[in-house]
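Read the structure below first, then the notes.
The values are calculated or read from the model by the stated rules, or taken from the named source; none is laboratory data. Computed from a predicted structure; not experimentally measured. As a convention, Cβ positions derive from the backbone with ideal geometry for all residues, glycine included, and neighbour counts pool all protein chains shown. Calculation scope for accessible area: heavy atoms of the full protein, side chains included, ligands and nucleic acids excluded. Shrake-Rupley method; radii C 1.70, N 1.55, O 1.52, S 1.80 Å.
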Amino acid sequence: MMPTFSLQHLADLVGGSTIGDPETPVCEALPQNDVIPGCITLADSKQQAEKASLLPASAVVVAEHFENCNKPLLIVKDIHMAFIQLVLQFRPSLKPVETTETQIAASAIVEPSAQIGIGSQIGPHVTIGRDCKIGRRCVIHAGVSIMENCEIGDDCELYPGCVLYNFTRIGQRVLIHSNAVLGAFGFGYRHKNGGHHRTAQLGWVEIGDDVEIGAGTTIDRGTYGSTRIGCGTKIDNQVQIGHNCHIGQHNLICAQVGIAGSCTVGDFVVMGGQVGLADHLTISDHARIGAKSGLMSNVGAGETVLGSPAAPIKQKMLEWAVQGKLPEMRKELRALIARVEELESSQSLKTRREAA
Amino acid sequence: MMPTFSLQHLADLVGGSTIGDPETPVCEALPQNDVIPGCITLADSKQQAEKASLLPASAVVVAEHFENCNKPLLIVKDIHMAFIQLVLQFRPSLKPVETTETQIAASAIVEPSAQIGIGSQIGPHVTIGRDCKIGRRCVIHAGVSIMENCEIGDDCELYPGCVLYNFTRIGQRVLIHSNAVLGAFGFGYRHKNGGHHRTAQLGWVEIGDDVEIGAGTTIDRGTYGSTRIGCGTKIDNQVQIGHNCHIGQHNLICAQVGIAGSCTVGDFVVMGGQVGLADHLTISDHARIGAKSGLMSNVGAGETVLGSPAAPIKQKMLEWAVQGKLPEMRKELRALIARVEELESSQSLKTRREAA
Amino acid sequence: MMPTFSLQHLADLVGGSTIGDPETPVCEALPQNDVIPGCITLADSKQQAEKASLLPASAVVVAEHFENCNKPLLIVKDIHMAFIQLVLQFRPSLKPVETTETQIAASAIVEPSAQIGIGSQIGPHVTIGRDCKIGRRCVIHAGVSIMENCEIGDDCELYPGCVLYNFTRIGQRVLIHSNAVLGAFGFGYRHKNGGHHRTAQLGWVEIGDDVEIGAGTTIDRGTYGSTRIGCGTKIDNQVQIGHNCHIGQHNLICAQVGIAGSCTVGDFVVMGGQVGLADHLTISDHARIGAKSGLMSNVGAGETVLGSPAAPIKQKMLEWAVQGKLPEMRKELRALIARVEELESSQSLKTRREAA
C-alpha cells in the first residue's frame, strides 16, 4: 500500500501554495510519461500544463498559475527542487543511506589488517583485502571486491560488483557504480620470440574527490605510477581509460568513450558518447569533443572538434554539408569535362580553320 | 566419459531415418568446425555434405540423401530442431533448470521482507534487498545483487553478477545476462559554482515481458520516472541505454549500441552494432539503423539509415561510392581548371587579336 | 610506513653501479609523473634526465651517466628491467601470488563433483559448479562464478567478478580480468508469429594457452560448437566477440572492439580500439585494422585497412586528405561552371557573329 497525503500537506512540505481543493488525496509523484491515477505530476510550460490536464493525475506541480490546466495545482518557485522532495516523500527508501554506526555484514570478508572508518557500512559478500584503509561514512554495497593496499576516503559509495585492484586510491565523496573495474592491467605488450609479452603493470589508479564513475567503466592501472582522474570529473557508463592517462578536473566523459594509454586531458573538457582517443594525445582545458569523434591529434584549449578523423567543428560541418552533395558534384564534374572538351575541340577547329 | 548411443537410437529420438549402419556408435553432436572422431555432425547443403565426408565424424544429420556423402546419414525434416535434441542428449546439463521447488542457497542473503515465489531458485552469494518481490520459477544465479523494492515477474533468469538497483521492475520470462546493470544513475549534471552537480536520479528501470538483456549491458534509471524497455525487445551485450529512454516492443539492439538520454524508440526497430544516438531523438516503428551509424536527428517509420552522421541508406551508399573517387575527382578538377584557363587565355588572345 | 633502502642496496639488487652518495636513502620507486620526496625515478634520455634534476626525487635510474642530471644515479643496462625490480622491492604485494598449497576460502561454494588442482587458490565468495575441472596453481579471485562443466588449465588467474558460463574451456596460463563474461548466449533470433525467438545457444567458449582477456570483455558461446580464441591472443577491456567466431593466435585486439558473429580471424592480426566487424567476415593473417574502422568486407593477408567503411590505408589517407578540401572543391567547381558558361556563351556569340 502506497501512503497517501493531501495536496495541502505536500504544499506545506515544499513551501508552496495550492489552487483547487487542498484536500485532494495524492498517492505518488510521477512525471507525465508515467502518471497513474491519484498521482501528482509536474509541468514546466503552458504546453505541458495543457497535456497534464488530459492525464489521470490528481494534481500538478507548476511554477505559475496556468489557466489552461483544470487540475488542482501546487505552485512553487523551483518545481524540480519541490518534485524531488515529493518523490522522496512517496519513495523514502530512495534517500541516501544514513551511516551513523559502523556496520559490517556477517558475510563480508574483511582482512584483519584492513581499517574501516567510523560510520561505514560494508555490505554482504564484500571482500576487503590486506592493509586497505576505508574512510568514514562509506557505503560499500553487496559483492564489491577491494583488493589489498587500497585506500578510500570519506563518504564514498561503491555499488554492487565494482572491483578495485590492489593499490587503488580513492578520494572523498567518490561514487562508483556497479561492475566498474579500477586498476586492471594496461594493454601493453612487447613482441618477442614470436609472441606478445606483457610489459610491467605495477602502477595504480588514483581517483580525486567528488568523482563519479559509471557502471561497467574500466580504468587501467599505470605502468609504474598512476592513472589519474582529477577532482570533480564525472564519467558515464562503459567508458574505457587506458594506462598512464592523466585526466584533469571537472571533465564530463559520456558513455562508451575510449581513451587509449598515456593521454593527458586538461580541466573542464567535455567528451560526447563513443568518442575514441589515440594514445599519447594531449587535450587542453575546456576542449569539447563531439560524440563518436575519433581523435588522432591533440586538441587546443577551448577548441571544439568533431568527426572521425576529428577536425574543428566549423570545418567539419562544412565538410559534412558538402559530403551530401558529392554524388551531384561528381555528375556536374563529368558534365563539365564534356563541355570543356567540346569547347576545346570547337576552338581547335576554329584555330585550324583560321590557320587554313 | 561421454555417453555413446547408436545412430538408430538417435534417429528414434528425433523421429528420423538412417542410411548406412544403424549401429554406428555416436559419442557427441558437434558442428563441422568442431568435429571429433565418433561424433555426429550436420550438413544443410550438397557442398557441406561433401565437406563432411572428409571429416572424422561418424555420421551426418541431413534433410535429404546426399549421394556425395559417404558417411552414415540421419535424415530428418528440420535438421536444426533435430540437432538441438542431439546436443542436449550428449550434454544434458545444457537443458534449462527445472524449478519445481523453491531453493534458496545457504549463502544467499534474502531480507526477511522480500518475497520469493514458489519454485524459484536463489543461488549462492545472491543478495535480495528489503521489500523485493520475486515471481515464480525464477532462476537467480550466483552473485546477483537485487537492491530493495525491486519486482521481478515469473520465469525470469538472471545470470551471475548482474545488478538491479532499487525499484527496478522486471516482467515475465525476462533473461538478464551476467554483469548487466539496471538502474544506475543517469548522466545528468548541472554546472554550478565551478563544478558539476548531479541532477535527480529518483526514477526506475522497467523491463517488459520476454525481454533479453546481454552481458555487461547498462540501462540507467529515469530522473523521476521510468526508463522503459518494451515487451519482446532483445538487447545484445555491452549496450548502453540512457535515462528516461522509452524503447518500444520487439526491437533488436545489437552489441555496443549507445542510446543517450530521453530517446523514444518505436516497435520492431533494428539497430546494428556500435550505433550511437544523440539524446532526445525519436526513432519510429520498423526503422533500421546500420551498424556504427551516428544519429543526430529523428528517423521516420520504416526508414533505413546509415553512416555518421546518418543519412537514408540510398543517399549514403551513393556518397560512399563517390567518396572513394574523391582523389580522382580532385585531380580531374585541377586539370579542368588548367584547361579552362587555357581556353580563356586563348580566347582573350583571339579577342585582342580580333580587336587589333 | 614505507621501507627505506640505501641507493647502494638497490644497486646491488639490480646489478647496477652508483654515481653520487651510495648511502642516499630511497623510500619508493616512481615514474617522473608521480615522484614524491625521497623516491627513485627513471630517465631514458638526456632530456628526461634534465627534467628529473628538477623533481624532488632522491635518485634516478639511468642507462648511462647523464652529466646534466645532478641527482645520485643508479646505472644499469636495462632501466625497465631494473625499475620493475625496484618497484617490487617497495611494493612487494604486487608480486604474483605464489601458490604452493591448495587454498579454498571458507566462503567459496565448490560443488563436490568439481576438481581443484594442487596449489590452486580459490578466493572468497567464488562459486564453482558441478563437474568443473580447475588446473594446478590457478588463482581464482573473490566473487568469480564458474558454472558447471567448465575446464580450466594450469597457472590461470581469474580476477574478481568474472563469469564463465557452463562448458567454457580455458587453456594454460590464461589471465581473465574482472567482470569479463565468457559463454553468454549469442545474439541470434528468428522472427516468428510477430516476435523474435532465440535460436540454439548450446555451444561453448574455448580459450587457448597464454590468452589474456580484459575487464568487462564479453565472448559469446557458439550455436552448437565453439567460439574460439587462439593461443597467445591478447584482448583488451570491453571487447565484444560474437558467437561462432574463430579468432586466431597472437592477435592484439584493443579496447571496445566489436566482432559480430561467425567471423574468422587469422594469426597476428592487430585491431585498434573501437573497431567493428560485420558478421561472417574473414580477416587474414597479419592484417592490421586501424582504430574505429567499420568493416563490411574481408581483409587479405598483411593488408592494413582504415575508416568506416574501411578501405586500404593508402586509399583512405588520400580520401581523408581530399575530404578536408571538399568545401573548397565545391567552390572551385561552382566557379568553373560559371567560367565555362561564359566561354560557351562568348563562343556561341562569336559563332553567330562569324555566321552573320
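Structural remarks
- Qualifying residues in segment B:172-220 (those that are without any contact (Cβ under 8 Å) to a residue 12 or more places away in the chain and assigned to a loop (DSSP other than H, G, I, E, B)) - the one surrounded by the fewest Cβ atoms within 10 Å (Cβ to Cβ): B:Asn193
- Of all the residues in segment C:242-275, those that are under 15 Å from the mean Cα position of the chain (by Cα) and part of a strand (DSSP E or B) number 7.
- Just one residue in the set A:Ala287, A:Ala311, A:Ala278, A:Ala291 is touching a strand residue (DSSP E or B) at 6+ places or on another chain (Cβ under 8 Å), closer than 17 Å to C:Arg330 by Cβ and at pLDDT 95 or above; that residue is A:Ala311.
- Conditions (1) away from chain A (no Cβ under 13 Å); (2) of a type outside the set (A, V, I, L, M, F, W, C); (3) part of a helix (DSSP H, G or I); number of the one not met by C:Glu342: (1)
- Any hit, segment A:157-166, residues being out of contact with any strand residue (DSSP E or B) (no Cβ under 9 Å at 6 or more places or on another chain) and either within 15 Å of A:Gly183 (Cβ to Cβ) or not in a strand (DSSP E or B) (or both): no
- Conditions (1) closer than 29 Å to B:Pro3 by Cα; (2) open to solvent by less than 60 Å² (accessible area, probe 1.4 Å); (3) touching a helix residue (DSSP H, G or I) at 6+ places or on another chain (Cβ under 6 Å): number failed by B:Gln85: (2)
- Residue tally, condition more than 11 Å from A:Ile134 (Cα to Cα) and crowded, with 24+ Cβ neighbours inside 10 Å, over segment A:149-166: 8
- Among the residues making up segment C:89-116, a single one is open to solvent by 30 Å² or more (accessible area, probe 1.4 Å) and in contact with a Leu (Cβ under 6 Å, 6 or more places away or on another chain): C:Lys95.
- Restricting segment B:221-241 to residues that are within 7 Å of chain A (Cβ to nearest Cβ) and part of a strand (DSSP E or B) leaves a set whose member that is nearest to A:Leu94 (Cα to Cα) is B:Ser226.
- Qualifying residue in segment C:248-256 (condition: away from chain A (no Cβ under 11 Å), under 24 Å from C:Gly188 (Cβ atoms), among the aliphatic types (A, V, I, L, M) and without any contact (Cβ under 8 Å) to a residue 60 or more places away in the chain): no
- Residue tally, condition acidic (Asp, Glu) and in contact (Cβ under 8 Å) with a residue 60 or more places away in the chain, over segment C:221-236: 0
- Of the candidates A:Asp236, A:Asp267, the single residue that is open to solvent by 10 Å² or more (accessible area, probe 1.4 Å), in contact with a Ser or Thr (Cβ under 8 Å, 6 or more places away or on another chain) and under 21 Å from A:Val205 (Cα atoms) is A:Asp236.
- Single condition A:Ala335 does not satisfy, out of (1) within 10 Å of chain C (Cβ to nearest Cβ); (2) open to solvent by less than 40 Å² (accessible area, probe 1.4 Å): (2)
- Selection status of A:Arg169, open to solvent by 10 Å² or more (accessible area, probe 1.4 Å), within 13 Å of chain C (Cβ to nearest Cβ) and within 25 Å of the chain's Cα centre (by Cα): yes
- Screening segment A:299-332 for residues that are charged (D, E, K, R) and open to solvent by 20 Å² or more (accessible area, probe 1.4 Å) and picking the one that is farthest from the other protein chains (Cβ to nearest Cβ) gives A:Glu303.
- Members of segment A:7-36 found to be open to solvent by 50 Å² or more (accessible area, probe 1.4 Å), under 33 Å from the mean Cα position of the chain (by Cα) and touching a residue at least 12 places away in the same chain (Cβ under 8 Å), listed by number: A:Leu13, A:Gly15, A:Ile36
- Residues that are closer than 21 Å to A:Gln89 by Cα and within 8 Å of chain A (Cβ to nearest Cβ) within segment B:200-220 comprise B:Ala200, B:Leu202, B:Gly203, listed in sequence order.
- For segment A:63-77, the criterion of being within 14 Å of chain B (Cβ to nearest Cβ) and under 32 Å from the mean Cα position of the chain (by Cα) is satisfied by no residue at all.
- From B:His250, B:His243, B:His196, residue being under 24 Å from A:Gly230 (Cα atoms) and not basic (Lys, Arg): B:His196
- Within the option set B:Arg221, B:Arg288, B:Arg228, B:Arg198, being of a type in the set (D, E, K, R) and within 17 Å of the chain's Cα centre (by Cα) holds for one residue only, B:Arg288.
- Number of the condition not met by C:Lys51 [criteria: (1) in contact with a Gly (Cβ under 8 Å, 6 or more places away or on another chain); (2) open to solvent by 20 Å² or more (accessible area, probe 1.4 Å)]: (1)
- Residue count, segment B:270-298 (criterion: under 24 Å from C:Phe187 (Cα atoms), away from chain C (no Cβ under 14 Å) and either aliphatic (A, V, I, L, M) or open to solvent by less than 20 Å² (accessible area, probe 1.4 Å) (or both)): 4
- Summed over segment C:117-127, residues that are within 14 Å of chain B (Cβ to nearest Cβ) and either part of a loop (DSSP other than H, G, I, E, B) or open to solvent by 40 Å² or more (accessible area, probe 1.4 Å) (or both) total 4.
- Checking each residue in segment B:207-239 for being of a type in the set (Lys, Arg) and more than 17 Å from C:Thr199 (Cβ to Cβ) picks out B:Arg221, B:Arg228.
- Picking from residues in segment A:129-151 that are of a type outside the set (Ser, Thr, Tyr) and outside any loop (DSSP other than H, G, I, E, B), the one that is nearest to B:Val144 (Cα to Cα) is A:Ile140.
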